Amino acid sequence: MFFNRITTLGLCLFISAIAICQNKEPKIKFGDIKPEDFHKDYSALDSSADAVYLYDAGSAKHEGNNHGWFSVIYTIHERIQLLHKKSFDDLGTVTIHLYNATAAEKEKLENMQAATYNLEDGKVVETKVDKSSIFQDKDGDYQVIKFTFPQLKEGSIIEYTY
């Protein structure tokens, strides 16, 4: 009997510790770009790289909904430095596929932010992705959302979150 209580208590503490560790806020905030972020040399890592992912994080959480079940909330945040023009075609346009078959299963894009950052005269200049440059299309059961980053130059940092 005593052994069962100790085992149960230990298991509860272990699960609590795991849950607490997963709730940490990311250290990188959207739009927090500094001039020194543009001056890092990545050639020692890979001299042939056309771009470098500075931050790439995603998370999922479950939330109750009004359909009597739950929804999965995905959060994506990426920050990429484009070192050469060759990377503009692949990384300068973002495509997001949202499942859209029925009203109950429809995925939505919310809280999207996207911007290009350039270093001009020692200062970081932000150019946000304009809402009018976000395009939507349909592909079968999916809604396809695309946008292209403005003002791309070699050395630009692009960032988006949704």
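Within segment 78-99, being open to solvent by 40 Å² or more (accessible area, probe 1.4 Å) and without any contact (Cβ under 8 Å) to a residue 60 or more places away in the chain holds for Lys86, Asp89, Asp90, Thr93, Thr95, His97, Tyr99. The set of residues in segment 54-84 being of a type in the set (Lys, Arg) and at pLDDT 95 or above consists of Arg79 alone. If you go through segment 39-50 and keep only what is small (Gly, Ala, Ser) and exposed (fewer than 11 other Cβ atoms within 10 Å of the Cβ), you end up with Ser43, Ala44, Ser47, Ser48. Summed over segment 51-71, residues that are open to solvent by less than 60 Å² (accessible area, probe 1.4 Å), out of contact with any Phe, Trp or Tyr (no Cβ under 8 Å at 6 or more places or on another chain) and assigned to a strand (DSSP E or B) total 5. Could you please find all residues in segment 126-139 being without any contact (Cβ under 8 Å) to a residue 24 or more places away in the chain and surrounded by 10 or more Cβ atoms within 10 Å (Cβ to Cβ)? Lys128, Asp130, Ser133, Ile134, Phe135, Gln136, Asp137, listed by residue number.
The values are calculated or read from the model by the stated rules, or taken from the named source; none is laboratory data. All figures in this text were calculated on a predicted structure; none of them were measured in a lab. Every residue, glycine among them, receives a Cβ derived from its backbone with ideal geometry; neighbour counts consider all protein chains shown. For the accessible areas, the whole protein counts, side chains as well, though only heavy atoms, and no ligand, DNA or RNA atoms are used. Shrake-Rupley method; radii C 1.70, N 1.55, O 1.52, S 1.80 Å.
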